[in-house]
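The values are calculated or read from the model by the stated rules, or taken from the named source; none is laboratory data. Note that the structure is predicted; figures quoted are calculated from it, not measured. Using ideal geometry, Cβ is built from the backbone for each residue, glycine included, and neighbour counts are taken over all protein chains shown.
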4 protein chains.
Amino acid sequence: MSRTHEFHPQHYHRTLGPHAPVLELDPGDELITWTVDARGHDASGRQITPRGNPQTGPFFLRGARPGDVLVLELLELEPSRDWGFSQCFVDPGILDPDQARKLPEPKLLRWELDRDRGVATVADWPEWDIQVPLEPMLGCFGVCPPQGQAISTATSGPHGGNMDCRLCAPGATIYLPVFEPGALFFLGDGHAAQGDGEILGMGIEISMRVRVRLDLVPGWEIRWPRGENAHWLFTLGNARPLMQAVQHATTEMLDWLQRTMELPAHVAHPLLGQRVRYQVGNVFDPAYTMACMLSKEALPPGAKPWRPEHPPAE
Amino acid sequence: MSRTHEFHPQHYHRTLGPHAPVLELDPGDELITWTVDARGHDASGRQITPRGNPQTGPFFLRGARPGDVLVLELLELEPSRDWGFSQCFVDPGILDPDQARKLPEPKLLRWELDRDRGVATVADWPEWDIQVPLEPMLGCFGVCPPQGQAISTATSGPHGGNMDCRLCAPGATIYLPVFEPGALFFLGDGHAAQGDGEILGMGIEISMRVRVRLDLVPGWEIRWPRGENAHWLFTLGNARPLMQAVQHATTEMLDWLQRTMELPAHVAHPLLGQRVRYQVGNVFDPAYTMACMLSKEALPPGAKPWRPEHPPAE
Amino acid sequence: MSRTHEFHPQHYHRTLGPHAPVLELDPGDELITWTVDARGHDASGRQITPRGNPQTGPFFLRGARPGDVLVLELLELEPSRDWGFSQCFVDPGILDPDQARKLPEPKLLRWELDRDRGVATVADWPEWDIQVPLEPMLGCFGVCPPQGQAISTATSGPHGGNMDCRLCAPGATIYLPVFEPGALFFLGDGHAAQGDGEILGMGIEISMRVRVRLDLVPGWEIRWPRGENAHWLFTLGNARPLMQAVQHATTEMLDWLQRTMELPAHVAHPLLGQRVRYQVGNVFDPAYTMACMLSKEALPPGAKPWRPEHPPAE
Amino acid sequence: MSRTHEFHPQHYHRTLGPHAPVLELDPGDELITWTVDARGHDASGRQITPRGNPQTGPFFLRGARPGDVLVLELLELEPSRDWGFSQCFVDPGILDPDQARKLPEPKLLRWELDRDRGVATVADWPEWDIQVPLEPMLGCFGVCPPQGQAISTATSGPHGGNMDCRLCAPGATIYLPVFEPGALFFLGDGHAAQGDGEILGMGIEISMRVRVRLDLVPGWEIRWPRGENAHWLFTLGNARPLMQAVQHATTEMLDWLQRTMELPAHVAHPLLGQRVRYQVGNVFDPAYTMACMLSKEALPPGAKPWRPEHPPAE
């Protein structure tokens, strides 16, 4: 009985906050919509809104209440034009401080997307054959944060936001804590590809056509975004310094193992300790992002499901 | 004309420093030797030397001089007994500070190594089938640091040391800067397996039989350990905070691309920026370790070899 | 011709954002108003609003436009009751991680304010004569941040916010960048006293009667709060990690010396380098605060005034 | 019965390690000796040893054993020539990364010491009257670290080392943990003056004549350097990131209050929390230094002495 909604945005937001919903969905509904790139250019390349990761939305998920989890299935992320851009040089904050002096002046680089070959290339320097495999992802998305905050799309937190993490790609399902009625879901800042860390300060920035499904898990208490794809369970910690992002993500994964899957501490800790993988989301934004990952196949037989099947009655 | 040396250590070091060499090798020679585990237990399980990543060596590489690079090929790393150990709980420094209060008392966990199935398991809790794939690696190795320093095997630096990085595994070749005549190479602290970050403060700690080849690249100026395996080029940055390790590793990789492979900055930066991968070595030791990785297949056709073939005449 | 306004707040805010002004003032006007404590208790000790550094305001400063500076003179800060409270134990994030396990359970401590003797004491433990000199200060105040943000009173930024810095005390004048028309000034979170770093997570939390003067410097471009008192010029950097707060504050002070006072770099740098003092604001909040201080007497004769006297015509 | 030794060094060390003692002293003895500046220049301005904070010593304190405390009274620190030097520009690591690009090329600055007026001035720019009050201090000193380490004079740790902290000035008494028999005390790296943080990477670097007294407190277990002067008790934490230095210093001060002075936790914590002061030592060296300070007058009447008077019998 779920439906598919198609939504064409007329305006965009540069904060995730208590803005008026543009559409209401029921749990299980699909949504097809469009996002502009990080600087506000649409599929035609025209800048239609100010720069700064403009967000499409917010979408109101019926029934979602504080203490629930919004489920985001990333079904399709398709660049809606055939070129993107990025900075050319690594951000000085990611290099040894004494090397920053030697950095050239910042400049913008145009990438051509060759969707047949599945690569992005740089037209400016035909003598150098740089190829970047296309791996579309969403850089910035999330829900309305708590207590009346309106948080800039430059940064991130428990509500999601500008996490710039490669795991947020088609095939992934993301779990976001709900802080306000209806959750108020936003999305934007597509990347045709991105290296770990977003060390240029940009992936290959692109406008997108997006197909997602929104769902609801009532009464599932989580503190940071969680997610899964075919192989991994992952948690996303957002903070500076980078080690604090590690702490958030690791603490959240242990909580997942212990409180959701009901593994005792003496099992959850050594299992995670010897099998954990980390993936650097970004080390550029005001809050960095680190993913803590555990292979699904690592879970012992006695573990409860990682996604609650029968939510607690209330 | 290269030879294979077999060396049975009689004593061990807890610093990498200007200690008397135990053996001299020529570039290209192979070395078969044995390491005790992080707490000084040998293949029989007996503690024969004080704890603290005791090192076998140092080995003197003939012809190695400051400004050269010692090449370490990791040919075989074999656990020399069928059990290891680790801490049971994640170190409090890697969790949210307000969660540390809830940590149980530290305890040591024994892991059984099932080499037929290629997994480590915990005998203590038969009701929980925890399995960790065996992936032997060297936690601590390196060369004598410069200027008379004798640096604890607890930590790491440009000379290598306690990097606890999963990339230092069979099939990898590591490049280490030479600071003293003969380089003085040490090795120890084998892990039968380890998660990213060594978040328990230990991998599965094990004594080992090790087969390596040592070689020399004269006149190759590097600042941090570099390495390669079948798929990756990588650099290893060692520092606290974690972001400084990112800075060291990223700066070193750009230096590799620009000065060794002779890519111009405007090619090296965006290539690395959109294709870089990071791997967390450890976030437990006094200096953390972060690897900056670039796929070999990402290198453009015009790049010079990543390992100098014709060293500069002097 | 300036006036004195007395304002009795009816409601409070837990974000600094584009809220409706409660009062309009002209530059030079004085304002007498009242603040509740960090948990929303008023002068009678009754909780009248939810906890979280509730703010009085916002106040609209006529004529203030983006690119201007709001001048805040802290004339009087008077506790409006004779007791305050704080946490009893140092926050675990400020101790070595392996010590956090040993912390007792958090508990709240009541402080009695003896205004005759000018000290706060703890009534609970008469056998221990703990005395803390009363030094009232404002923990959280600031202006509306840019671009529609509504930023939690838990944290801080270029707009001010929860800086918890002892320099924000009577006799100080604070300079805040204006981001929105009218600036929209908020204030709250009084402390009867506070140690550097606010390492308990609280000063001695108190409701207050506050007398301030608001003024305007048109067209003065600053990036972080600046301030002065009888002896010091200071800049306030707000960020995590702590070193980033140092970087912001130091960069801002150099900018002050070079762009406002027109000292050349080769004078500003060594002068600051050999005479700078730092004061830790807080190391507890989501963004830490560090003050970079320079003695007024250190300024060389040729320096231009630190506060622009003749704003640029427009 | 204590004696005064005069020692004229013939050679210097760039590591604090197990070097051969140059002189033996009894507890209570005074020592008059000379130090070269950070780059190895002596009182005549001649470079007589390689740069890198060359150390005079080590001095063997009779009776000192691991687990004891070496007491260092700084009686006199006198520049032994009338000029010093420093870098001219703030180190890029202490500025916002995007500002580092604008830094001029590093250059060395000469400071003239006017001991009559008690100031240092810069001769190069007579048009700018920069004056820095002379406040001589020792940048680098300490004892032999444990377990055979030889630690570079560039950095610091529990053994002391390159702490670059203004509190290490005449009138102060420093307490250092003893790790090796005889303690092996080193000293060097005098500064005629220094700002907090040593943000130029240098104070006003100077050779010195030094008069100190060495003493011994047997069986006093401390983990980090402690100290006192007329007004303050202080602890010195050395680490990166800066917050870890805060953690070390704060934990050590609480240990001092609770284990040496025998205050219960519920008194030590709020007392420190509301009265603590921090002083930034340096934010330039490989390990940063932060001092945690408590006014002596803040100690409650029931506290035991901060320096054990009757060491435990053994």
Next item on the list: Test A:Glu297 against the criterion of being charged (D, E, K, R), within 11 Å of chain B (Cβ to nearest Cβ) and crowded, with 21+ Cβ neighbours inside 10 Å, and give yes or no.
Entry: no
Next item on the list: Taking A:Cys140 as the residue in question, decide whether it is among the hydrophobic types (A, V, I, L, M, F, W, C), in a strand (DSSP E or B) and either under 23 Å from A:Cys292 (Cβ atoms) or at pLDDT below 95 (or both).
Entry: yes
Next item on the list: Working carefully through the options B:Asp124, B:Asp129, B:Asp116, B:Asp164, find the one that is among the charged types (D, E, K, R), more than 10 Å from every other protein chain (Cβ to nearest Cβ) and over 20 Å from B:Tyr278 (Cα atoms).
Entry: B:Asp116
Next item on the list: Provide a single number: the residues in region C:11-53 that are in contact with a Leu (Cβ under 6 Å, 6 or more places away or on another chain) and surrounded by fewer than 19 Cβ atoms within 10 Å (Cβ to Cβ).
Entry: 1
Checklist line | Number of positions in region C:93-113 that are under 30 Å from B:Pro106 (Cβ atoms) and more than 7 Å from every other protein chain (Cβ to nearest Cβ) | finding: 4
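A quick yes/no check of all residues on (1) at pLDDT 95 or above; (2) closer than 22 Å to B:Asp124 by Cα; (3) outside the structural domain of B:Ile206 (by TED's automatic domain parsing):
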site	(1), (2), (3)
B:Thr33	yes, no, no
B:Gly63	yes, no, no
B:Pro66	yes, no, no
B:Leu72	yes, no, no
B:Gly93	yes, no, yes
B:Leu108	yes, yes, yes
Check: Residues A:Ala172, A:Ala123, A:Ala150, A:Ala192: which one is touching a strand residue (DSSP E or B) at 6+ places or on another chain (Cβ under 6 Å), within 18 Å of A:Thr33 (Cα to Cα) and surrounded by fewer than 24 Cβ atoms within 10 Å (Cβ to Cβ)?
Finding: A:Ala172
Next item on the list: Return yes or no: is A:Gly197 on the phi > 0 side of the Ramachandran plot and either touching a residue at least 24 places away in the same chain (Cβ under 8 Å) or of a type in the set (Val, Ile, Thr) (or both)?
Entry: yes
Margin query: Filter region B:147-159 down to the residues that are assigned to a loop (DSSP other than H, G, I, E, B) and either at the interface with chain D (Cβ under 9 Å from one of its Cβ atoms) or within 14 Å of B:Gly52 (Cβ to Cβ) (or both) and list them by number.
Written below: B:Gln147, B:Gly148, B:Gln149, B:Thr153, B:Ala154, B:Thr155
Next item on the list: Just give me the residues in region C:44-92 being within 14 Å of another protein chain (Cβ to nearest Cβ) and in contact with a Ser or Thr (Cβ under 8 Å, 6 or more places away or on another chain), in sequence order.
Entry: C:Gly52, C:Asn53, C:Pro54, C:Gln55, C:Val90
Next item on the list: Return the only residue of B:Glu262, B:Glu228, B:Glu221, B:Glu297 being in contact with a strand residue (DSSP E or B) (Cβ under 7 Å, 6 or more places away or on another chain) and charged (D, E, K, R).
Entry: B:Glu228
Note to self: Residues to consider are C:Pro97, C:Pro145, C:Pro136; find the one that is within 26 Å of the chain's Cα centre (by Cα), buried (at least 20 other Cβ atoms within 10 Å of the Cβ) and either β-branched (Val, Ile, Thr) or farther than 30 Å from A:Thr153 by Cα (or both).
What the structure shows: C:Pro136
Notebook entry, point to check: Residues of region B:233-291 being within 20 Å of A:Val122 (Cα to Cα), β-branched (Val, Ile, Thr) and either touching a helix residue (DSSP H, G or I) at 6+ places or on another chain (Cβ under 7 Å) or surrounded by 24 or more Cβ atoms within 10 Å (Cβ to Cβ) (or both), which ones?
Noted result: B:Val276
Check: When residues of region D:258-287 are filtered for being more than 22 Å from D:Thr173 (Cβ to Cβ), touching a Gly at 6+ places or on another chain (Cβ under 7 Å) and more than 8 Å from every other protein chain (Cβ to nearest Cβ), how many remain?
Finding: 2
Checklist line | In region B:160-192, the residues that are among the aromatic types (Phe, Trp, Tyr) and part of a strand (DSSP E or B) | finding: B:Tyr175, B:Phe185, B:Phe186
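Residue-wise test of (1) within 14 Å of chain A (Cβ to nearest Cβ); (2) over 29 Å from B:His8 (Cα atoms); (3) of a type in the set (Val, Ile, Thr); (4) in contact (Cβ under 8 Å) with a residue 40 or more places away in the chain.
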{"residue": "B:His191", "(1), (2), (3), (4)": "yes, no, no, yes"}
{"residue": "B:Ser207", "(1), (2), (3), (4)": "no, no, no, yes"}
{"residue": "B:Asp215", "(1), (2), (3), (4)": "no, no, no, yes"}
{"residue": "B:Ala230", "(1), (2), (3), (4)": "no, yes, no, yes"}
{"residue": "B:Gly237", "(1), (2), (3), (4)": "yes, yes, no, yes"}
{"residue": "B:Leu242", "(1), (2), (3), (4)": "yes, yes, no, yes"}
{"residue": "B:Gln247", "(1), (2), (3), (4)": "yes, yes, no, no"}
Notebook entry, point to check: Looking at region D:100-111, is at least one residue charged (D, E, K, R) and within 25 Å of D:Gly171 (Cα to Cα)?
Noted result: no
